[in-house]
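Participant: My questions will all concern the structure given below.
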Amino acid sequence: MSIPASATILVDRSAQIRSVRGTAAAVLHYRQLIRSLVAKDLKLKYRGSVLGFLWSLVNPLLMLGVYTFAFSYILHIRIEGFVFLLLVGILAWSFFVGALVMSTGAIVDNAGLLKSVLFPRAVLPIASVMFNFAQFVLTAAVLIPVMLIVYRVPLTPLVMLYPVFLFLQLVFITGLALALSAAAAHLRDTRHLLDIALQVLFWLTPIVYSFEVQVPERFRALLLLSPMSSFIVAYQRILYYGVWPGVEVTLVALLYAITALALGTTFFLRSDRRFSELV
């Protein structure tokens, strides 16, 4: 029996997921895998724990307590609502750091899986981001309403902008996660460089000081160039001050989100073919 000519044609399915459009479609197709990976990580983190999810509240509350004591009773900062602003910044920063640190090892730490199963490699760093995003949402859903009540901050229609900037931050972090996971496959020192960069960026981001009160006007535009500044300033203005974040803040956040996703995806796809041999 003869074999039809069409049956002898081999199709490289992996080539279909090495373009931006193809990768986006493939990741969407594998969304159940991402959900499974996120659920697995959440279960592993809280498995056998008595408090479970409540442990996710311990870190921001501990940091909040330390910073409140340090800035209120030692440095004597008397800025109205400073603790509220501090909390908003800590939550966003913790999501940023956790997602980047975890996603940096997404490719390197899954060498066996990469060499044995064909699937969109972008799923791994994206799952790391979504795991941290899930923790952030759960923590923010508890702490932010409490702080709004404690500080008697009235909600305005502008609060609807909070999810918009949160989405932009998610896009921004996803782009960085793709780039860092690919970079770590080429250079193992990426993790150490990231640790140093995060320490520097923390003090260049208005978290433990007020952007509106303590930063001189002439330095504000420069400070907004720090990757997380625009997002944190936007959250603080929306949730506490109840005002529009401003054109500059919005444009910078949008620019960072689009640029990070475009460059991160491009670099990741160029490295995709070599992951199996690099790890």
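Participant: Where does each of ARG152, ARG31 land when they are ranked from fewest to most other beta-carbon atoms within 10 angstrom?
Facilitator: Details: ARG152 6, ARG31 12.
So the residues, fewest neighbours to most, are ARG152, ARG31.
Participant: Can you list the DSSP H helices in the chain whose Cα atoms extend at least 18 Å along the helix axis and whose mean Kyte-Doolittle hydropathy is 0.5 or higher? If you can, show how the numbers build up before the last one.
Facilitator: Numbers: long enough: 31-46 (23 Å, -0.26); 55-69 (21 Å, 1.27); 82-104 (33 Å, 2.30); 123-150 (40 Å, 2.20); 161-186 (38 Å, 1.82); 190-203 (20 Å, 0.87); 247-272 (37 Å, 1.38).
The answer, listed by residue number, is 55-69, 82-104, 123-150, 161-186, 190-203, 247-272.
Participant: Something else now. Any idea what log10 I(q)/I(0) is at q = 0.11, 0.12, 0.15, 0.16 Å⁻¹ for the chain, Debye with uniform C-alpha scatterers and no solvent?
Facilitator: The computed values of log10 I(q)/I(0) come out as -0.69, -0.81, -1.18, -1.30.
Participant: By counting other Cβ atoms within 10 Å of each Cβ, how are SER36, SER181 ranked from fewest to most?
Facilitator: Numbers: SER36 12, SER181 32.
By the 10 Å Cβ count, ascending, the order reads SER36, SER181.
Participant: Cut-off 10 angstrom, C-alpha nodes, Gaussian network model of the chain. Which of THR205, THR266, THR174 fluctuates the most?
Facilitator: Fluctuation is largest for THR266.
Participant: For each of LEU155, LEU61, count neighbouring Cβ atoms within 10 Å of the residue's Cβ, then give the residues from fewest to most.
Facilitator: Values: LEU155 11, LEU61 15.
Taking fewest neighbouring Cβ atoms as first place, the list is LEU155, LEU61.
No value in this document is a laboratory result; all are computed from the given coordinates. Quantities reported herein were computed from a predicted structural model and do not represent experimental measurements. Note that we place each Cβ from the backbone using ideal geometry, even for glycine, and neighbour counts take in every protein chain shown.
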